[in-house]
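The values are calculated or read from the model by the stated rules, or taken from the named source; none is laboratory data. Not measured: the values here are computed from a predicted model. Cβ coordinates were reconstructed from backbone atoms using ideal geometry, including for glycine residues, and neighbour counts include every protein chain displayed. Each accessible area value is taken on the protein alone, full model and side chains, heavy atoms only, with ligands, DNA and RNA left out. Shrake-Rupley method; radii C 1.70, N 1.55, O 1.52, S 1.80 Å.
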Amino acid sequence: MIGSQEADGDLRDAYLAMAARPMPSAYVPSHGEAPGIIRAHSLDPELLRRAFAVSGSLSNDLLPWHSRELINSVTSRENECFY
């Protein structure tokens with residue numbers, strides 16, 4: 001994984017775009033680096049943009065954040081995804 005401090009080019013741009021998005025405080029790591037789920041996509045900046053564009057478009061305020069997070073966790077578990 002490439003951290004935001006080491007990123008350049010397309011990855012740096014993707015990190016900046018992700019940092020500009022609203023993020024629940026539970027996702028903001030205390031170490032000041034990008035969250036792990038974002039850094040996990042660091043080797044493919046285009047996939048990073050696409051994955052979070054889709055997840056962002058699916059998010060809405062009809063469900064509270066904790067319910068969406070539970071759905072995301074169950075989906076990840078079913079897909080055998082670490083996150």
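Of note:
- Heavy-atom surface of the range 1-66, accessible at 1.4 Å and reported per residue (Å²): 70 Å²
- Close amide-amide hydrogen proximity is noted between Ala34 and Ser4, each under 5 Å apart and 5 or more residues distant or on a separate chain (H modeled in the peptide plane; Pro and chain starts excluded).
- Under a model in which nothing but the beta-carbon of Lys, Arg (+1) and Asp, Glu (-1) is charged, the chain shows a dipole of about 200 debye around its Cα centre.
- Residue-span extension gain [Tyr27 to Ala53] - 0.36 nm each, minus C-alpha spacing: 7.7 nm
- Gain on full extension, evaluated as 0.36 nm per residue between Ile2 and Glu69 minus their Cα-Cα distance, stands at 21.6 nm.
- Fraction of accessible area attributable to carbon and sulfur, the range 9-78 (%, probe 1.4 Å): 59 percent
- Computed over the chain: relative contact order in percent, which uses C-alpha pairs under 8 Å that are six or more apart: 29 percent
- Backbone geometry of the range 20-33 corresponds, through the Karplus equation with coefficients 6.51, -1.76 and 1.60 at θ = phi - 60°, to 3J(HN,Hα) couplings of 7, 7, x, 9, x, 4, 5, 8, 8, x, 6, 7, x, 7 Hz, x marking Gly and Pro.
- Furthest towards positive pole of dipole, Tyr27, Leu70, Ile38, structure part the chain, Cβ charges: Leu70
- Principal-axis tilt of helix 65-78 within the chain, Cα atoms, nearest 10 degrees: 80 degrees
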